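We did not get these values from a lab; they are worked out from the coordinates using the rules stated. Fair warning: this is a prediction, and the values are worked out from it, not measured in the lab. Here Cβ is always computed from backbone atoms with ideal geometry, including for glycine, and neighbour counts include all displayed protein chains.
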Amino acid sequence: VLEADLHPLDNVPRIAPPDRATLMAKYAKRGEPVVIRGLLADTAIDRIRTREAASKAFGAQSLTFGPEYGIYVMTSLMHGPAPPESPRRITVAMDDYWRAIDAEPDSPMMCVEDQTPPSVAELAPPPAVCADDADMRSTVFVGNAGNVAPFHFDGDCRHVLLHQVYGRKLVIMLPPRAASALRPIANFATLYLRGLDPGFRRELVSAVGGWEVVIEPGETILMPALVWHGVVYLEHGMSVNYRFGRRPQHAFASEHLHLDGASQRFVAATLSDEGWQRHAASWNRLLEAWSPPTKTALQKYQQVDALLAELVAGLGDEPELPPISDERYVPIPAAARQALLRAHLFDNRLYLHRQACDIAPYAAAL
Ligand SMILES: O=C(O)CCC(=O)C(=O)O
Ligand SMILES: [Fe+2]
């Protein structure tokens, strides 16, 4: 990656650690990212800012490494799904991984979203803004220079504090309304991030009101829940994230709705307190559509999908897109899209409920 050619928009503010109320009200719930300097200044992880220091502190710790999602999906499409015990996913000590990428700098292997292991967690306790959240989760990412996290949004509906331990990363974020530009399947864009032309990238990010920033070791970026994000590893790097701050209703959405641009956009519109009030009646309609059982999961998907299309049209925030040529997208035939959708519905055991569920605990007060 030639960093000089990237010219990120660099339009994310940098702030000193805020209190929880400010972080939530001013940034997270409004869908606005922010970079926080010194959020983990009191913890041991903040003093580990190089791979050498990480190796000394927890190099013997094992993590699971595999190809990044985009490559994995492409390979599965062309060669069929990997068998469950596939050697494409390996569990090795971080030190072994680092030796392997030194020998093979273009390796597609990286650690994506492993639960933060104890030897790292004890050095990186959650910051005060999310330490009291019983629903908080922490995961780690370790990857080599040139690798990417392809554009996606995270279906858990939590806000994310992504803390950079060592190495620098370009983080590109697009608001939920950018979904149509990304032609997603479930929560993954088919727009290529690898090789994305910087001029076009900035044009697209600007057109949809998105953000780009390079984060440095010791910095923590808040990525609001359901924001699209793609990450380019400018150097070998490691991050720890803390995922937090969702309402029980958003946990329900995460567990019981299919992922796509429409469910993302509607749920994202309810993250702010005003949005939650404004869309309360629509939220309850969605719960009522979801609740009664259907003969097949696909029928339920079709009902929920139709209602979401109506709700999203009502948001009236469709962006004006620049022209985007088909070559910028992974070529996935319609039949493969259908197959991936069905796999998604069944892998997540969505919409297979056989009796009406109690939706009262998740309803919005009107
Ligand atoms: O840094 C990365 O590779 C991706 C981070 C990410 O997707 C996340 O924290 O949700
Ligand atoms: Fe993510």
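Observations, loosely collected:
- Expected 222 nm ellipticity per residue - DSSP helices of 4 or more, -39500 (n - 2.57), all of the chain, to 500: -9000 deg cm²/dmol
- Against the rule of thumb 2.2 N^0.38 Å, how large the Cα Rg of the stretch 185-273 comes out: 1.25
- The modelled label-to-label distance for the pair T64/L321, using points 7 Å beyond Cα in the direction of Cβ, is 3.3 nm.
- Peptides ranked, highest mean first, by Cβ atoms within 10 Å: ranges 334-343, 245-254: 245-254, 334-343
- At R0 = 35 Å, FRET efficiency that the Cβ-Cβ distance of K56 and D135 yields, to 0.05: 0.60
- Potential lengthening of the chain between A363 and D305 amounts to 19.0 nm, from the contour at 0.36 nm per residue minus the alpha-carbon distance.
- Ranked from largest, the principal axis spans of the Cα set of the chain equal 55, 49, 41 Å.
- For the pair A44 and Y192, the difference between a 0.36 nm per residue extended length and the Cα-Cα distance amounts to 49.6 nm.
- Peptides 44-54, 140-150 ordered by average Cβ neighbours within 10 Å, highest first: 140-150, 44-54
- Packing, as the average of other Cβ atoms within 10 Å across residues, places the peptides 173-184, 16-27 in the order 173-184, 16-27, highest first.
- Efficiency of FRET between R89 and Q338 - r from beta-carbon atoms, R0 22 angstrom, step 0.05: 0.25
- Relative contact order (percent, whole number), the chain, Cα cutoff 8 Å, 6+ residue spacing: 21
- GNM result for the chain, Cα springs below 10 Å: residue of L315, L162, L259 fluctuating most strongly: L315
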